[in-house]
């Protein structure tokens, strides 16, 4: 990326994340606009579980992390681009989009739900369902079966057609599985190909930056040892690496991408994504206009969940994941594997924390305490005067 000054060194921020036992590897990056763009990054740790870290290869700025639910904003941004061209609209119902390809969707509880409410977590769906469990029994549900089941998984009390603003928000991967399938049905293209064309191609990347599905990155020449490992899962053959951690995404898309998970990226690429969104929100980009982004980020009743992004939590007594210094207009997202992106259009600041905190087990939750500390440290390092 072209920036107006020498990049700030944020290695100390990444080192604290690793030293505090959050993950075996961490990378941080930030972009801040003050007339010109300023950039900082840093990395720490090794590319193996901490128990076998001695002698392991070091993490670097070229390390590719499983972005987990940071895939959702990418899906939403690709959707906005398709909507701009009139390929699909958020007012369309799930049944209208998938009906020809999957007629059975027309008899589900969600056939008349607008795609907008699925993206905004207000379609009344349950939070999660382990569709992948059939794999443990030697069964492999096909995509049609998964989509049909997902569309029927309403929560108790969420019956019939949804209100205009949707049901009470509950964060749910199922809505994004369905939206990703709807995008594929309307275009006839795999979701990761849509993401690459509509979003990744617009990023201002340097040679070591990468963003895409596992199969795309391997096809581009990214070696397996560049991927940060995630969890040790016996039934998947041990240490998961270079393959999506989320089991439902693995079932639905294999080494591609589902609507809710399946994207991988370097810290530089995710910072570039944040910068792209900031430029679009400020009207400096022909990629998307502020009005085209508005449905993805506007406040909605009942909570902080928007349609593609989350908004900064202002819950009393709770420290936001983005720390103390971002404004109330901040948008972003968290990822289960230990990833996060926060974008503040007021201060024009985008910051990223990527870790593999699920390595070797997802039961490790120190990331919750580390996130706000890391974001506060990035803001301080990026805005303090250069000595």
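Results, tabulated for the structure shown:
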read-out: Label-point gap, in nm, between residue 369 and residue 127 - each point 7 angstrom along Cα→Cβ; value: 2.2
read-out: Of (i) 19.9, 65; (ii) 21.7, 69; (iii) 19.5, 62, the label for Rg and Dmax of the Cα atoms in Å derived from the coordinates; value: (i)
read-out: Exposure proxy ranking, count of Cβ atoms within 10 Å, fewest first, for 128, 260; value: 128, 260
read-out: Rounded tilt (10° steps) of 267-281 against the dominant C-alpha axis of the chain; value: 70
read-out: On Cα atoms only, tilt of 173-187 relative to the major axis of the chain in degrees; value: 70
read-out: Fully extended contour minus Cα-Cα distance, from residue 87 to residue 137, at 0.36 nm per residue; value: 14.1 nm
read-out: Label-zone membership for the range 350-387, site residue 9, 7 angstrom Cα→C-beta point, backbone N under 15 Å; value: 381-382, 386-387
read-out: Order of 326, 148, 336 under a 10 Å beta carbon neighbour criterion, fewest first; value: 148, 336, 326
read-out: Contour excess over end-to-end distance, with Cα ends at residue 101 and residue 289 and 0.36 nm allotted per residue; value: 64.5 nm
read-out: Estimated [θ] at 222 nm from DSSP helical runs (n ≥ 4, -39500 (n - 2.57)) normalised by residues in the chain, nearest 500; value: -9000 deg cm²/dmol
read-out: Global geometry of the range 129-244, whether rounded, prolate or oblate, following the gyration tensor of its Cα atoms and the 1.5 cut on a/c; value: oblate
read-out: Sorted by Cβ density within 10 Å, fewest first, the residues 171, 375, 39; value: 171, 39, 375
read-out: Shape category assigned to the range 246-387 from the gyration tensor of Cα positions, a/c cut at 1.5; value: rounded
read-out: Quarter of Cα convex hull surface for the range 101-191, i.e. mean projection, nm²; value: 6.2
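We did not get these values from a lab; they are worked out from the coordinates using the rules stated. The model shown is predicted, which means the values in this text are computed figures rather than measured ones. Neighbour counts run over all protein chains shown; Cβ positions are idealised from the backbone, glycine included.
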